[in-house]
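The structure appears below as structure tokens.
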Amino acid sequence: MKYIISENKLTNFLNTYIDESVGRLRKFPINHVNARDDDFELVDDRGQTIFTYLDYHLAVEKDFFYKLMSLFSLEKRDTEKLIEKWFSSHYPDSMVIAAYPEIE
């Protein structure tokens, strides 16, 4: 069975899913040579880095990114945009140019 839902409802659903699946995230500064003072990592309760905010870019833990993409049957760019919206709503002082799955 297929359902058609609006982009707004999809955004709300994805926001809720991210919040519930990653749980409480802790913010840690990045000790990278190119990091600015306001760059940071968001780590879950298990100590796994889920998001890395570095130089206005948001790297998303690869497995989590592709899980979201497949769960919601989204194209890569649509997934990136929805993650950018989620991040902007939770961290409004940290502008994001682009979100992408982390590269190992």
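So here's what we get for this one:
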quantity: The chain - charge dipole about Cα centre, Lys and Arg +1 at Cβ, Asp and Glu -1, debye rounded to 20; calculated: 380 debye
quantity: Translational diffusion coefficient (Stokes-Einstein; Kirkwood radius from C-alpha pairs) of the chain at 25 °C, 0.890 mPa s, in µm²/s; calculated: 172 µm²/s
quantity: Separation of alpha-carbon centers, region 49-104 and region 25-40, rounded to whole Å; calculated: 16 Å
quantity: Relative contact order (%) - criterion: Cα under 8 Å, at least six apart; region: region 1-94; calculated: 17 percent
quantity: Pairwise label distance in nanometres, Val96 with Phe13, each label 7 Å out on the Cα-Cβ vector; calculated: 1.9 nm
quantity: In region 1-80, GluC sites (Glu not before Pro) in a DSSP loop with at most 16 other beta-carbon atoms within 10 Å; calculated: Glu75
quantity: Residues whose placed amide H lies under 5 Å from that of Arg36, excluding near-sequence neighbours; calculated: Asp55
quantity: Dipole of the chain, positive end: most advanced residue of Leu42, Phe13, Tyr91 [Cβ charges, Cα centre]; calculated: Phe13
quantity: Cβ-defined net charge surrounding Leu54, 11 Å radius [Lys, Arg +1; Asp, Glu -1]; calculated: -4
quantity: With at most 13 neighbouring Cβ atoms within 10 Å, loop chymotrypsin sites (Phe, Trp or Tyr not before Pro) (DSSP) excluded, longest segment of the chain; calculated: 4-55
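Read the figures in this text as sums done on the coordinates, not as results from a lab. Given the structure is predicted, the values throughout are model-derived calculations rather than measurements. For neighbour counting, all protein chains shown are included, and Cβ atoms are generated from backbone atoms with ideal geometry for every residue, glycine included.
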